[in-house]
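What follows is a set of notes on a single structure, which appears directly below.
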Amino acid sequence: MQNKLFIYNSLSKQKELFKPLHAPFVGLYVCGPTVYSDAHLGHARPAITFDLLFRYLTHLEYKVRYVRNITDVGHLENDADEGEDKIEKKARFEHLEPMEVVQKYMNTFHKNMEQLNTLHPSIEPRASGHIVEQQELIKLLIKKGYAYETNGSVYFDLLKYNEKYKYGKLSGRVLEEMQSNTRTLEGQDEKHNSFDFALWKKATPEHLMRWPSPWSDGFPGWHLECSAMSTKYLGDEFDIHGGGMDLQFPHHECEIAQSTAALGKESVKYWMHNNMITINGQKMARSLGNFITLDELFSGKHKLLTQKYSSMTIRFFILQAHYRSTLDFSNEALQAAEKGLTRLMKALETLRKLKPSESSTVDIKKLREKCYEAINDDLNSPILLSFLFEGVKYINSVNEGVDKLNSADIESLRNLLETFIFEILGLKSEKEIDIDKPFIDDLIDAILNIRQIIKLNKDWSTSDKIRGELNKIGIIIKDKKEEVDWEIE
RNA sequence: GGUCGGUUAACCGAGUGGUUAGGUAGCGGUCUGCAAAACCGUUUACGGCGGUUCGAAUCCGCCACCGACCUCCA
């Protein structure tokens, strides 16, 4: 199939036809999580956005190497926490080793990502496992004159870089303006300029996470890991770098500076950024009390949630908006998504039972074209979904005898819908995931509540019949004076 | 204060210089023991004020509001 995929490049601020550097191979790097707390909604957006991209590129038969890092190296906080990094802070609070905290939240992250049905990256490198690579990059930058050491810490010389390369092309920042309106922060005296950023930081005595280096016992600067690991696994130049819009500045801008200075050329061809998620119109923040983790969403245990939402509902909801738009979560919107998803999935079941006619009254080939047009247009999943719902309408309509489909078109429609829904959008049947303990509890309770009414009517044979049927499938009913207990055999 | 983005009907959310986005909800009907599902029909729009145009919600300007980012946190 001819590739007509256009993606919006944050660098050029326009949609560009995607052409891999070395087809059929595609290199994709996405900024992953910092594992110091539970995964939340903010993690779901980029994970699903770039999972969609990964799935679609794979569908187009590209050989994709998808690299997503885990940031497990503590970095300094700039607020009142005075040199204590986030992972350490959490470690003291929970009386755990820093790496124990990392492991715990990495496990949670992986569990949540599986629940959201995101595919595993090809490589998931950890910053702590690439200290050597990061140090080598620092050495190279010092050698080339783009970095300097002060008191055991190493900083990137942005002014020097700006002489040869233009800094700020991704975020639109101008260095001169930054210089004039930067606020004064503590510990800046080590730097030649306030906007220089750390490549290596000397660790304070309390700092637990530290590694030896030619400059000091310390730890790498945050921006460094992505430059070092993307180069290691994808080469000097690769196709796509993704991440949240909030990372555009300073993180990605600094990455560009580091990589360009070290390699003498730009390493990323397409930059893609997903937009943020708001809750009831507000940004998500712990201080606002609207911070919702994925586990809370899946269980419904949060004061802002009126019910639990399945991971597929969350995925579907995120796909119903375009990745570059902000997305607002609310119970009302999630419930709408839940019902929409149910409708979509039910149609697939109906499709399997559809009786073919001699001829067709709807154009499946046209529908297929429209679906590809939508996804090719910068992954326009909401438009794609609207066309898939057109397919749903065909199915129900044929089922009602209003429209007709011949057997070839039924097969074609089934192939089309299953390809897009399961393979590309990564949705799956709710049934596979909803059969959990609470669901069964509710189910049995519903049956037993009805049985209580039957018992009140003294319809003993029916009530015994229910007890017998449940017994056959391994559910034991224990009738008591006031209530009914049950257990699974 | 600076940079960038947004404001679409009850809710979420696409899109386009003139033609139904879609989902959910509402209303009327078909079907139905009841309900659900489904089908048919249908009601609420493009923040405000100007301008360009035969025509703008879509382009331009101003205003209002909202959001993200503004460096050593990741």
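The values are calculated or read from the model by the stated rules, or taken from the named source; none is laboratory data. No experiment lies behind these values; they were computed from the predicted model shown. Neighbour counts run over all protein chains shown; Cβ positions are idealised from the backbone, glycine included. Heads up: the accessible areas ignore ligands, DNA and RNA and are worked out on the full protein's heavy atoms, side chains in. Shrake-Rupley method; radii C 1.70, N 1.55, O 1.52, S 1.80 Å.
Take the Cα pairs of segment A:278-432, get the Kirkwood Rh, then feed it into Stokes-Einstein at 4 °C and 1.567 mPa s and tell me D in µm²/s.
Estimated diffusion coefficient is 77 µm²/s.
Given the protein chains as shown and a 1.4 Å probe, how many square angstrom of A:D464 are accessible, to the nearest 10?
Ignoring ligands and nucleic acids, A:D464 comes out at about 80 Å².
For A:H59, what charge total do you get from the other residues with a beta carbon under 14 Å from its beta carbon, if Lys and Arg give +1 and Asp and Glu give -1?
Residues near A:H59 contribute 0 overall.
Check which residues have an amide H placed less than 5 Å from A:K63's amide H, if you skip close sequence neighbours.
Hits under the 5 Å cutoff: A:F25, A:V26.
With θ taken as phi - 60° and the coefficients 6.51, -1.76 and 1.60, list the Karplus ³J(HN,Hα) couplings across segment A:266-282 in order, rounded to whole Hz; mark glycine and proline as x.
Running phi through 6.51 cos²θ - 1.76 cosθ + 1.60 with θ = phi - 60° gives 6, 9, 10, 8, 10, 9, 10, 10, 8, 7, 8, 10, 10, 10, 6, x, 10 Hz.
Tabulate in residue order the Karplus-calculated ³J(HN,Hα) for segment A:23-40, using 6.51 cos²θ - 1.76 cosθ + 1.60 with θ = phi - 60°, rounded to whole Hz; enter x for Gly and Pro.
4, x, 8, 10, x, 10, 10, 10, 5, x, x, 9, 9, 10, 7, 4, 5, 10
May I ask you to derive the FRET efficiency for A:T58 and A:V484 from their Cβ-Cβ distance with R0 = 56 Å, giving the value to the nearest 0.05?
0.65
Quick one: compute the contact order of chain A, relative version, from alpha carbon pairs under 8 angstrom and 6+ residues apart, as a percent.
This gives 16 percent for chain A.
Kindly list the residues of segment A:382-403 that lie in the label zone of A:E349, defined by a backbone N under 17 Å from the point 7 Å along the Cα-to-C-beta vector.
A:392-393, A:395-397, A:399-400
How far apart, in nanometres, would the label points at A:Y165 and A:R324 be if each is projected 7 angstrom from Cα along the Cα-to-Cβ direction?
Between A:Y165 and A:R324, the simple spin-label model gives 2.4 nm.
Taking 8 Å as the Cα distance limit and 6 or more residues as the minimum spacing, I'd like the relative contact order of segment A:278-432 as a percentage.
Values: 154 pairs, mean separation 37.3, N = 155.
Value for segment A:278-432: 24 percent.
To check you understand DSSP bridge types, tell me what percent of the beta bridges within chain A (both residues inside) are antiparallel, rounded to 5.
Percent antiparallel among DSSP bridges in chain A is about 50.
For helix A:460-472, report the angle its Cα long axis makes with the longest principal axis of the Cα atoms of chain A; keep it between 0 and 90° and round to the nearest 10°.
40
Quick one: what Rg and Dmax do you get for segment A:19-274 from the alpha carbons, in Å?
Over segment A:19-274's Cα set, Rg and Dmax evaluate to 18.2, 52 Å.
Heads up, I need the accessible area for A:R210: 1.4 angstrom probe, whole protein in place, Å², nearest 10.
80
What is the calculated FRET efficiency for A:N193 to A:L140, with r their C-beta to C-beta distance and R₀ = 25 Å, to the nearest 0.05?
0.75
Using only helices, what value at 222 nm comes out for chain A when you add -39,500 (n - 2.57) per DSSP H run of length 4 or more and divide by the total residues, to the nearest 500 deg cm²/dmol?
The per-residue figure over chain A is -14000 deg cm²/dmol.
Which residues' amide hydrogens lie under 5 Å from the amide hydrogen of A:N117, considering only partners 5 or more residues apart or on another chain, with H built in the peptide plane?
Here the answer is none, since no amide H 5 or more places off falls under 5 Å of that of A:N117.
What accessible area per residue comes out for chain A, rounded to a whole number of Å², with a 1.4 Å probe?
48
Rounded to a whole number, what % of the accessible area of chain A do carbon and sulfur atoms account for, probe 1.4 Å?
51
Rounded to the nearest 0.05, what FRET efficiency is calculated for A:N471 and A:K428 with R0 set to 51 Å and r the Cβ-Cβ distance?
0.95
In nm, give the distance between the simple-model label positions of A:N415 and A:K365, each being 7 Å from the Cα along the Cα-to-Cβ direction.
Computed distance between label sites A:N415 and A:K365 equals 1.3 nm.
For segment A:130-139, take each phi angle, set θ = phi - 60°, evaluate the Karplus expression 6.51 cos²θ - 1.76 cosθ + 1.60, and give the result in whole Hz per residue in order, putting x for glycine and proline.
Karplus-based 3J(HN,Hα) across segment A:130-139 equals 10, 5, 4, 4, 5, 5, 4, 5, 4, 4 Hz.
When 1/r is averaged over all different Cα pairs and the result inverted, which Kirkwood radius in Å belongs to chain A?
With all distinct Cα pairs of chain A included, I get 25.8 Å.
Using a 7 Å offset from the Cα along the Cα-to-Cβ direction at both A:F6 and A:R92, what is the distance between the two label points in nm, to one decimal?
5.4
Name the long-range amide H neighbours of A:Y29: under 5 Å, sequence gap of 5 or more, or other chain; modelled H, no Pro or chain starts.
A:V67, A:I240, A:H241, A:G242
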